[in-house]
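The values are calculated or read from the model by the stated rules, or taken from the named source; none is laboratory data. Keep in mind that what you see is a predicted model, and the values were worked out from it rather than measured. Here the Cβ is made from the backbone with ideal geometry for all residues, glycine too, and neighbour counts use every protein chain on show. Side chains are part of the model used for accessible areas, which takes the heavy atoms of the whole protein and leaves out ligands, DNA and RNA. Shrake-Rupley method; radii C 1.70, N 1.55, O 1.52, S 1.80 Å.
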Amino acid sequence: MGEVSQKIMIPESFQFQVSSYDISDQLKLIWELIKAPLIVPLLTLGVYISLAMSLMLFMERVYMGIVIILVKLFWKKPEKRYKWEPMQDDIESGNLNFPVVLVQIPMFNEKEVYKLSIGAASNLSWPADRLVIQVLDDSTDPAIKQMVELECQRWASKGINIRYQIRENRTGYKAGALKEGLKRSYVKHCEYVCIFDADFQPEPDFLRRAIPFLVHNPDVALVQARWRFVNADECLLTRMQEMSLDYHFTVEQEVGSATHAFFGFNGTAGVWRIAAINDAGGWKDRTTVEDMDLAVRASLRGWKFVYLGDLHVKSELPSTFQAFRFQQHRWSCGPANLFRKMVMEIVRNKRVKFWKKVYVIYSFFFVRKIIAHMVTFCFYCVVLPLTILVPEVKVPIWGAVYIPSVITILNSVGTPRSIHLLFYWILFENVMSLHRTKATLIGLLEAGRVNEWVVTEKLGNTLQKAADARKANTKAPRKFRFKFTERLNTLELGFAAFLFLCGCYDFVNGKNNYFIYLWLQTVTFFITGIGYVGTIIPSS
């Protein structure tokens with residue numbers, strides 16, 4: 001009777017719990033069996049590799065910091081380093097002492113900005129008979145093509161030599177359009193070509209400040225101006241972009257120009273010597289960074305580049321996270337793929353000095369275009385969180401805290417007005433390193449999306465019109481919004497969950513207090529995961 005009672009008294013739920021505990025014990029046993037011989041050595045290797053990459057990036061940033069200080073204090077300005085004389089109007093010879101300049105404006109369905117770029121180019125202070133403006137329209141929307149053509153006709157009626165050019169297909173994308181534009185018969189009289197993307201608005205004196213470097217220095221192929229952003233204060237997303245790009249222009253471009261007369265052409269707001277383009281083999285569409293491709297090839301032919309940090313051209317930053325992601329994929333995948341294609345060509349080149357080849361291969365490509373993306377993601381978003389789950393693997397404090405802090409401080413020198421946003425910028429850059437690392441690997445391995453080209457959406461003065469409408473209490477133009485499901489980014493949400501769990505584990509069992517960083521990084525991954533990173537307006 002007692003045995004029967006015992007059988008009745010044992011609940012089925014208790015039997016299920018016992019079996020569950022058995023499974024849990026088995027998983028723990030398996031984990032302990034593989035942890036020591038497999039997990040710990042692999043994670044330790046990951047820590048060593050990450051620390052090595054961190055040191056490489058640290059030394060690169062310190063080197064750049066030292067050089068930029070020397071440049072600012074002791075280097076002569078470009079006008080003193082190179083021969084430069086202002087273009088003079090000559091009454092006797094008329095405008096013959098002014099070279100014929102071609103201005104190319106590549107476009108693709110640029111409904112919001114086409115008037116801005118065409119108008120700015122048409123207002124350049126250069127003799128009308130020595131200037132040719134070429135609008136290269138690859139638009140697929142017939143209505144937009146008609147609007148662009150009418151705008152060109154409007155300026156032509158004012159005496160501007162402007163040509164509207166279209167192609168039957170978009171072969172080669174931007175590189176194809178620029179290459180096709182140079183084939184036109186009227187271009188053979190042009191000595192220089194100035195390139196502006198559809199959202200770029202040069203000041204009237206742009207050519208008068210840039211062209212003399214090319215006219216008086218026959219070994220100079222390119223003069224690059226600095227970008228200035230008209231919508232930097234629109235939201236937190238644009239402020240983050242401004243911080244990253246300001247470092248690029250303030251430090252990277254300046255150092256490359258001053259020390260090796262080489263830097264990557266930014267694809268716009270620059271003036272090329274057409275003879276240098278032809279000497280380098282012309283435009284090629286083998287990667288999504290046709291501008292960098294041309295710059296590297298021209299440099300290997302012995303041509304020099306000049307960067308003018310005080311010559312600014314207004315432009316626009318992507319104001320939606322989706323547009324920014326596509327842009328960053330192209331900017332990360334393209335350089336890695338170009339590195340794969342050109343590294344041996346650079347090594348074998350005999351026209352360039354040894355130290356310039358070292359700079360191009362190691363500093364320009366390997367550290368900045370590959371290591372910088374990978375160490376940020378692999379170390380701070382993967383390896384460091386995993387060491388919390390495997391306490392046998394230690395990360396030295398100098399690698400986890402001190403070196404990253406110095407790198408961050410050095411990266412922030414370009415935008416002192418946003419220093420109060422520095423901490424969130426770090427978290428946001430860690431999120432973006434996920435996509436940049438993925439794109440870099442695609443470029444190195446030449447995988448599926450290696451040649452993906454999505455034109456960055458531009459809004460022009462739509463935002464200003466909306467602000468003016470709000471002030472006037474009138475109805476603002478509607479801005480296209482994505483549905484919530486279209487805004488979701490599952491990759492970011494997945495990493496948010498991973499980092500949150502690692503943070504919880506560290507909070508309960510850890511000793512390093514990494515959970516503070518992990519939870520803050522979780523919030524940033526989550527915000528980007530639901531697509532709302534571009535909706536926050538930063539406080540000044």
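Structural remarks
- Count of residues meeting criterion [small (G, A, S), assigned to a loop (DSSP other than H, G, I, E, B) and free of Cβ contacts under 8 Å to residues at least 24 places away in the same chain] in the range 142-172: 1
- Test: residue in the range 148-162 that is in contact with a Phe, Trp or Tyr (Cβ under 9 Å, 6 or more places away or on another chain), closer than 21 Å to F213 by Cα and either exposed (fewer than 15 other Cβ atoms within 10 Å of the Cβ) or of a type in the set (A, V, I, L, M) (or both): no
Okay, residues lined up against (1) open to solvent by 10 Å² or more (accessible area, probe 1.4 Å); (2) touching a Leu at 6+ places or on another chain (Cβ under 7 Å):
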{"residue": "K341", "(1), (2)": "yes, no"}
{"residue": "M344", "(1), (2)": "yes, no"}
{"residue": "R351", "(1), (2)": "yes, yes"}
{"residue": "K356", "(1), (2)": "yes, no"}
{"residue": "S363", "(1), (2)": "no, no"}
{"residue": "F366", "(1), (2)": "yes, no"}
{"residue": "V375", "(1), (2)": "no, yes"}
{"residue": "F379", "(1), (2)": "no, no"}
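- Residue match in the range 228-247 (condition: open to solvent by less than 10 Å² (accessible area, probe 1.4 Å), in contact with a Phe, Trp or Tyr (Cβ under 9 Å, 6 or more places away or on another chain) and either free of Cβ contacts under 8 Å to residues at least 60 places away in the same chain or not in a helix (DSSP H, G or I) (or both)): no
- Residue match in the range 125-134 (condition: open to solvent by 80 Å² or more (accessible area, probe 1.4 Å), under 30 Å from Q88 (Cα atoms) and not in a strand (DSSP E or B)): yes
- Failed criterion for P212 (all others in (1) open to solvent by less than 20 Å² (accessible area, probe 1.4 Å); (2) assigned to a helix (DSSP H, G or I); (3) over 26 Å from L96 (Cα atoms) hold): (3)
- Checked against the criterion of being open to solvent by 90 Å² or more (accessible area, probe 1.4 Å), part of a helix (DSSP H, G or I), at pLDDT 55 or above and closer than 30 Å to H260 by Cβ, the range 34-54 contains not a single residue that satisfies it.
- Test result for K72, open to solvent by 40 Å² or more (accessible area, probe 1.4 Å) and outside any helix (DSSP H, G or I): no
- The single residue among E203, E180 that is among the charged types (D, E, K, R), touching a Lys or Arg at 6+ places or on another chain (Cβ under 7 Å) and either open to solvent by 10 Å² or more (accessible area, probe 1.4 Å) or in a strand (DSSP E or B) (or both) turns out to be E180.
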